[in-house]
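Worksheet: one structure, shown below.
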Amino acid sequence: LLHEPDCRLLTLVGPGGSGKTRLALEAAALILSQVPCDNFEHGVFFVSLAALDAPGLIVPAVGQALGFSFHGDVEPRQQLLSYLRQKRLLLILDNFEHLLKGANWVVGLLRAAPDVRILITSRSRLNLQAEHPLAVAGLAIPGEHLLASGALDRLRRCDSVELFCVGATRAQPGFRLTIDNVVDVVRICRLLDGMPLGILLAASWMDSMTPAQIASEIGQSLDFLGSDWLDLPARQRSLRAVFDHSWTLLGEHEQEILRTLSVFRGGFRYGAVQAVAGASLRELKRLVNHCLLYHTPSGRYEIHELLRQYAAEKLEASGRADAASDAHSAYYTAALKQWGVDLKGPKQQEALADLEVEIENARTAWNWAAKNGKVARLAGALDGLCHFYEWRVRPEEGEAACRVAAQGLVATDE
């Protein structure tokens, strides 16, 4: 992309710990290895912005990275633009997310220096017309078919598993991927959605735990994934620190929406978000731009499970957890009532498909209604849920759901 004529501003966008900086450095190394490199004959320069606390500090930081000395009474910004006007180089601006108000300087640089290209890493898009955003997502995770095959060579070559093995070998030099531990290693990678930082933090525990124990701890607590590595900034030494940093970049209303979204399970559609969280499409787009939500090709929104747990903690602390769960339950039990009607008519296949993707939300809504004695909701939702379990031949789940309702109603009555 950096060699494409129309791509002068490339933003690597992804959540904390997704490997944006590493990818930018690898791209720089590849460019520098290409001799001669006409597009960047004056070099590649890396500027770390993480420690800056104001957009006005970007110009001095860039000048220092370039080895440029400011002088005289001319405004530093103008001096730097004049210096870069005739340069053919790549400028890497790392960790831009907290300096988004400085995006205008980036626009000015692109206009003043036509042969300068900029590579930015950020947890949020800059939202500029010239920007080419490239999402940096998690590493590939083995599918069920590959895992069931037991083909260790192929499993070992899968990106997330390979990274775990690299980290595990550092912590425990004798570590080997075997048929006995591969299921747990893949489970770790799945729990972390292939997040590189999370995988390396998990692998660092291999000097004192087994993969099965690590997977169990990740499932129980977000705080387990931490490290004392001194060559990582403090904001990346644990997943909680990563999420804390992203949280501080949000406005109060965006924080409120993200908290409320933690009541959903397995993704959600816009209509549900509008009803439960009162969020607009524009507000959801901002969360997508911050890499806190993902918008899938099917039209659904998804949130990383560990981030959902983090937001759920924030929701509980806010005192609004019951209100959010009640709204979620009301929406999905009403949906179950309609699905129950549709399952008996010409929309049967459409209703089954909808329920298939929404079953985790439906189950969560049903369980909350049962726990809180919402008899009318349960009565309306009964046909939809039970017919789905019957027609999908999942009787154990249907029996469990009815048992939860019976126990909840008995407890409420007492």
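The values are calculated or read from the model by the stated rules, or taken from the named source; none is laboratory data. Note that the structure is predicted; figures quoted are calculated from it, not measured. Cβ atoms come from the backbone with ideal geometry, glycine included; neighbour counts cover every protein chain shown. Areas reflect the complete protein model, heavy atoms only, side chains present, ligands, DNA and RNA absent. Shrake-Rupley method; radii C 1.70, N 1.55, O 1.52, S 1.80 Å.
Values computed for the structure shown
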{"item": "Positive-end residue, the range 39-100 charge dipole about Cα centroid, Cβ charges, pick of Val59, Leu80, Phe96", "result": "Leu80"}
{"item": "J(HN,Hα) series, the range 329-341, from Karplus relation 6.51 cos²θ - 1.76 cosθ + 1.60, nearest Hz, glycine and proline x", "result": "5, 4, 5, 7, 6, 5, 5, 4, 4, 5, 4, x, 5"}
{"item": "Cα centre as origin, Lys/Arg/Asp/Glu Cβ charges: the range 147-263 dipole, Debye", "result": "360 debye"}
{"item": "Square roots of 5 times each gyration tensor eigenvalue, C-alpha, the range 311-414, largest first, Å", "result": "24, 16, 12"}
{"item": "Trp366 accessible area, assembled protein chains, probe 1.4 Å, Å²", "result": "10 Å²"}
{"item": "For the range 149-299: span of alpha carbons on each principal axis (Å, largest first)", "result": "52, 39, 23"}
{"item": "Efficiency of FRET between Gln274 and Ala379 - r from beta-carbon atoms, R0 22 angstrom, step 0.05", "result": "0.30"}
{"item": "Peptide ranges 340-351, 119-130 listed from the most packed, as the mean C-beta count within 10 angstrom indicates", "result": "119-130, 340-351"}
{"item": "Stokes-Einstein D in µm²/s, Kirkwood radius over Cα pairs - the chain at 10 °C with 1.306 mPa s viscosity", "result": "65 µm²/s"}
{"item": "Cα-centred dipole magnitude for the chain, charges only on beta-carbon of K, R (+1) and D, E (-1), debye, nearest 20", "result": "660 debye"}
{"item": "Protection proxy ranking, peptides 249-259, 368-378, 72-82, average beta carbon neighbours within 10 Å, highest first", "result": "368-378, 249-259, 72-82"}
{"item": "Charge dipole (the chain, unit charges on Cβ, about Cα centre) - positive-most of Ala317, Leu225, Ala130", "result": "Ala130"}
{"item": "Cα pair distances of the range 14-139 binned at 10 Å [whole percent]", "result": "12, 44, 36, 8, 0"}
{"item": "Protection proxy ranking, peptides 21-29, 146-154, average beta carbon neighbours within 10 Å, highest first", "result": "21-29, 146-154"}
{"item": "Net charge dipole size for the range 335-378 [Lys, Arg +1 and Asp, Glu -1 on Cβ; Debye, nearest 20]", "result": "360 debye"}
{"item": "Residue among Leu352, Ala334, Ile303 farthest towards the positive dipole end of the range 303-371, charges placed on Cβ", "result": "Ala334"}
{"item": "Equivalent ellipsoid semi-axes, the range 84-216, via Cα gyration tensor eigenvalues times 5, rooted, Å", "result": "41, 15, 13"}
